[in-house]
Amino acid sequence: MKKKNKKQNLIKTKFYLLFFIITALFPGFSCSENLSREEYSRVEFVLGTVCQIRLLTTLPKERVDEVFDASFEELVKLDAIFNANTEHSDYGIGELDRTEISELELVNQKAGKESVPVSKELFELLSIALDIAKKTDGAFNPAIGALVKCWDIGFSGKSVPPKEEISSALAISNFRDIELKENKSSSAKIEYRVFLKKEGMRLDLGAVAKGYAADQLSSIIRRAGIEDALIDIGGNVLALGKNAKGRNWGIGLKNPNIGEQDIAGVLHVSGQSVVTSGNYERYFEESGKIYHHILDCKTGYPVETSLNAVSVISDKSLYADLLSTTCFVLGEEKSRNLISELRKKTDSEISILFFYNDNSVRLISEDKLSLEIKSPFVF
Ligand code: ADP
Ligand code: MG
């Protein structure tokens, strides 16, 4: 009998020790809390892409539904501001029907004519985009709309446009022709205005709007008291807190070799965004050559590079999105200085993974990352 008690006590001690280790390893997470957390998910097509939000919480379902409603309303609002594809036939899902145009499109239509009053959101995102454009001498270019439209890759563009069309589009794709003005009126309300100096000029924030949107959703979700969530805006992922197993979220990095469907690696993150830009999703092939959707404003053609993809890991989804495109254009060496400057200036964690077409992988990082790279990719 005594022996049995002793054994039971030993089991109890072991159990408490295990409990202690688990709670110590996952601060802010307790077993009882984990048991009562429910997982909820909602998917909708907004911002021209599939958006999924997963929430893990102890809040009642009605409250969770309100958070979903508020989040998707925010996405529809941002769509009405940033969408650059109003004329495309696959566009028009959400509140904005095809007869309406986005705020960004209105600025485009008034190019060369007059300045347009805009929302704080558009002004804020354009200011950041313009700052990066200056820092990178136009490698990232928010005024690239005319050139993007000329190629129309991922939509109707299936062949290389004539040289003359590319050079005329380039001539009206200069970010220095974007004028941003802030006017303080007498009522102390700030009026934001944007003017595109050249007729035909077009803004395109497709390389950064999804990241901006993910950050906005993160604020809404956290303000509602939800700490654990996964926001996926068309592959632009932002992971908050822990997954259903109480662990960091595992984010798969797609194999960036054209035609491959498996993954090249997995990142385990919490409180971070993972965004990838590559040449393998939106492209067409002509005479055996791939023409992808990330364009080089120095040439007017898709970026010529030995990279297949660039993934960025950052606590700010806006910078993850912006930099995945920018660093794909800049390449590894030129990205280094930009990253160290931005880390300091924006007080952000920024790590970059470069996937080359010989399957080698290189990392620029000062942060501790939990990353697995799978064969045939090599570090
Ligand atoms: P995704 O299509 O997955 O969002 P990106 O974030 O890399 O990929 O954005 C690519 C989009 O950005 C293009 O479709 C185009 O609209 C725009 N773009 C292409 N080249 C540039 C560039 N050099 N600077 C800024 N935006 C660009
Ligand atoms: Mg991007």
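The values are calculated or read from the model by the stated rules, or taken from the named source; none is laboratory data. Here the structure is a predicted model, which is why all the values come from computation and not from measurement. Heads up: the accessible areas ignore ligands, DNA and RNA and are worked out on the full protein's heavy atoms, side chains in. Shrake-Rupley method; radii C 1.70, N 1.55, O 1.52, S 1.80 Å.
So which of K344/K374; K135/K374; K110/K184; K134/K298; K163/K198 end up more than 24 Å apart by C-alpha?
Pairs exceeding 24 Å: K344/K374; K135/K374.
So how exposed is F140, as accessible area in Å² (1.4 Å probe, rounded to 10)?
Counting only protein heavy atoms, F140 exposes about 10 Å² to solvent.
Quick check: from the Cα gyration tensor, does region 287-379 come out rounded (a/c under 1.5), prolate or oblate?
Because a/c hits 1.5 or more and a/b fails to exceed b/c, region 287-379 counts as oblate.
Would you calculate a helix-derived [θ] at 222 nm for the chain, using -39,500 (n - 2.57) for each DSSP H run of n ≥ 4 and dividing by the full residue count, to the nearest 500?
-12000 deg cm²/dmol
How much accessible surface area, in Å² rounded to 10, belongs to the heavy atoms of R193 with a 1.4 Å probe?
60 Å²
Accessible area of L363, 1.4 Å probe, to the nearest 10 Å²?
Looks like 70 Å² after rounding.
Where both partners of a DSSP beta bridge lie in the chain, what percent of those bridges are antiparallel, to the nearest 5?
95 percent
Could you do me a favour and compute the accessible area per residue for region 191-301, 1.4 Å probe, result in Å²?
Spelled out: the 1.4 Å probe surface of region 191-301, per residue, equals 41 Å².
Just reorder C327, C150 by solvent-accessible area, largest first, 1.4 Å probe, all chains present.
Sorted descending by solvent-accessible area, the residues read C150, C327.
If you line up the long axis of helix 2-25 against the longest principal axis of the chain, both from Cα atoms, how many degrees apart are they, to the nearest 10?
20 degrees
Between region 199-244 and region 354-379, how many Å separate their Cα centres?
With region 199-244 and region 354-379 each reduced to a Cα centre, they are spaced 24 Å.
Give the shape of region 91-232 as rounded, prolate or oblate, defined through the alpha-carbon gyration tensor: a ≥ b ≥ c are the square roots of its eigenvalues, a/c under 1.5 means rounded, and otherwise the shape is prolate if a/b is larger than b/c and oblate if not.
Cα axes put region 91-232 in the oblate bin.
Beyond a 18 Å Cα-Cα separation, which of these cross-linked pairs lie in this structure: K254/K316; K181/K316; K113/K181?
K254/K316; K181/K316
Using a 1.4 Å probe on the protein heavy atoms, what percent of the accessible area of region 214-317 belongs to carbon and sulfur?
42 percent
Relative to the first principal axis of the alpha-carbon coordinates of the chain, what is the inclination of helix 61-82, with its axis defined by its Cα atoms, in degrees from 0 to 90 and to the nearest 10?
20 degrees
Quick one: helix 317-346 against the long Cα principal axis of the chain, what's the angle to the nearest 10°, folded into 0 to 90?
Between helix and principal axis, roughly 60 degrees.
How many percent of all Cα-Cα pairs in the chain sit more than 35 Å apart?
31 percent
Starting from the Cα of K158, draw a straight line to each of the aspartates and glutamates and keep only those under 19 Å, dropping any in the same chain fewer than 8 residues away.
Cross-link targets: E87, D90, E281, E285, E286, D296, E304.
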